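All of the numbers you see were taken from the coordinates with simple rules; none came from a lab. Predicted model only: the values in this text are computed from it and were never measured.
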Amino acid sequence: MYRICLYLFYYEDYSVKEIAQALKEPENTIKTRLKRGRELLKKKSIKFHFIALGVCNMLRLTLHRGFGMD
């Protein structure tokens, strides 16, 4: 349900009240879903950042070794 709330809020410009009406849920439930959805996205983006950093470091090491730069 986080995905639907986030999509409606950020991509379709629905207000919290409009989302609550569309989903037949209390506004506080929608606010909670938006907050938790943002938190999950933040965790995933941090995880992705560290994975990407690791890949970049591995490529750099591989390139250095390939060109005899060690």
Run down the lysines and flag those whose C-alpha is under 18 Å from the C-alpha of K35, throwing out any fewer than 8 positions away in its chain. K17, K43, K44
Counting only residues 5 or more places away or on other chains, whose amide H sits under 5 Å from the amide H of Y14 once H atoms are built in the peptide plane? F9
Proximal lysines to K42, defined as alpha-carbon separation beneath 17 angstrom and excluding residues fewer than eight positions away on the same chain: K31
